[in-house]
Amino acid sequence: MPEPGSVISTILKHDNKQTSYKIALLRSINDVVLSYPDLRNSNRDVAIPLRALAEFWIAYYWPFMSAEKPILQGAQAFRDGRLRNDVAFRPELTRLKTEWEALVGSSRPADGFVITSEMRVSRTRDSYPKPLLKAYRAAARKIATRLRQPIQYAGPGSWGVFDRPRPYQELPSDVIAVPGTRERDVCLVAKAELWRTFQEVSLWVEALCIHEWSLFTETVVQAGARATGRGETYALLTDRPDNRRPLSWERNEIDLLMMEGRSFTCPWTGKQIKPGGYHIDHLVAISIYPTNELWNLVPADPHFNLHVKRARLPGQTALASARPHLIETYRSYQESSALAEALGQDVRVRFGSLQHHLTSERITDAVIDLLQMVAASRNLATF
């Protein structure tokens, strides 16, 4: 295969595109790479379930789905006497968005990231009504089937860059899988060199994907409406989610631990946490990395969280000072049967190296590694 960076840029800038599928494919692979930082030193080919890529597609295509004012992502065509959708999964994803809006009352362009984050964790997923869960599964299944087309035709010819997706159980034994992969999951295999390239130039890949997606959408003829300008598409693709979920369950469990005598310390200020007088801080802000997984949630000083940390990430000095406090926080979580179960589930779906020995020290070091990787790959401000 040619140099991976050249392959990525050629697909994005020069491949023939009837829809935005190829752009979405590369952006989703890039986001998967960023989601699992402890795979970066494996030097092995990595299996990515198509369902994992489909989750990101739900988030990307969310703002283009509307029953009243859809933004088309490709040409519509008559086949077999019927006008076909621009993207094959439009009915399913539009139905999901309709269910979501009926539940929450409104929808932001970034709410696709919110719902996919909620669906990854069983305790949050199970709190949603069955019609929404059914619509989510239907959209994810339909997208996963359509992923095969851009995988096959990315780059020169057929299967020029990626091999045909296969169930994980049929792949060679030296292929490593992202956490949470099941034996029967049909997977795309990212070659080790390509995986490393995504890690090294992830910010460039994301920026180029969004740029090319904006240019592509501007060329699409919209049904009975004006063209969608590149600026409008850029705004939709870069909208950032907010923390709409109140985290009541997590707060109640932490309060119970404090009532039982467990103490918590703000990792950033060293101040003792007082019952009712703390914020639950997202170590990685929702606007950067939308997840409410428990390893990402720690009690913190409200003033520091609001006025100093905000959406920034901790630098090396702050992380070194915070490490003992984070260790104690995770150790306290493990004293609660409910929080221990939640923490274990959330760590296992995120960190491939932490599938068995979940000590608070190992969890802390994995989380610190993730924080440093996200800050470096996204060139983010630190405190």
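In this structure, the residue pairs whose Cα-Cα separation is over 28 Å, taken from 17/130; 22/191; 142/309, are 17/130; 142/309. Across region 297-372, Cα pairs under 8 Å and at least six residues apart give a relative contact order of 35 percent.
Placing unit charges on C-beta atoms (Lys and Arg positive, Asp and Glu negative, everything else neutral), compute the dipole magnitude of region 189-336 about its Cα centre in debye, rounded to 20. Mind dumping the intermediate values first?
Numbers: 16 positive and 17 negative charges, 58 e Å.
Roughly 280 debye for region 189-336.
Over region 220-373, accessible surface divided per residue gives 46 Å², non-protein components excluded, 1.4 Å probe.
Comparing 232, 99, 55 in a Gaussian network model of the chain where C-alpha atoms under 10 Å apart are linked, the largest mean-square fluctuation is found at 232. Under the shape rule built on the C-alpha gyration tensor, where the axes satisfy a ≥ b ≥ c, region 125-255 is oblate, since a/c reaches at least 1.5 while a/b does not exceed b/c.
Shape of region 41-123 from its Cα gyration tensor (a ≥ b ≥ c, root eigenvalues): rounded if a/c is under 1.5, otherwise prolate when a/b > b/c, or oblate? In terms of gyration-tensor shape, oblate.
The Cα trace of the chain gives Rg and Dmax of 21.4, 71 Å, the first to one decimal, the second as a whole number. Ordering 370, 88, 225 by Cα displacement along the dipole of the chain toward the positive end leaves 225 in first place; charges were set at the Cβ atoms of Lys, Arg (+1) and Asp, Glu (-1).
Per residue, how big is the convex hull of region 25-169 when only Cα atoms are used? Give it in Å³. Don't skip to the answer; put the middle values down first.
On the way: hull volume 21.9 nm³, N = 145.
Dividing the Cα hull volume of region 25-169 by its residues yields 151 Å³.
Determine the calculated [θ] at 222 nm for the chain from helices alone, applying -39500 (n - 2.57) to every DSSP H run no shorter than 4 residues and normalising by the residue count; nearest 500 deg cm²/dmol.
Details: 15 runs with 186 residues, N = 383.
Rounded to the nearest 500, the figure is -15000 deg cm²/dmol.
Determine the shape class of region 192-312: with a ≥ b ≥ c the square roots of the Cα gyration tensor eigenvalues, call it rounded for a/c under 1.5, and otherwise prolate if a/b is greater than b/c, oblate otherwise. The shape class here is prolate. Its Cα gyration tensor gives region 1-68 an equivalent ellipsoid; the semi-axes, largest first and in whole Å, are 24, 18, 8. When the chain is treated as a Gaussian network with alpha carbon springs shorter than 10 Å, the biggest mean-square fluctuation among 299, 314, 275 belongs to 275. When the accessible area of region 107-238 is split by element with a 1.4 Å probe, what percent falls to carbon and sulfur? The value for region 107-238 is 53 percent carbon and sulfur by accessible area. Taking all protein chains as present, what is the carbon and sulfur share of the accessible area of region 41-80, in % to the nearest whole number, probe 1.4 Å? It is 46 percent, rounded to a whole number.
The values are calculated or read from the model by the stated rules, or taken from the named source; none is laboratory data. Predicted model, so just to flag it, every value in this text is computed and none were measured. Cβ atoms come from the backbone with ideal geometry, glycine included; neighbour counts cover every protein chain shown. Ligands, DNA and RNA are stripped out before the accessible areas are found, and what is left, the full protein with its side chains, is counted by its heavy atoms. Shrake-Rupley method; radii C 1.70, N 1.55, O 1.52, S 1.80 Å.
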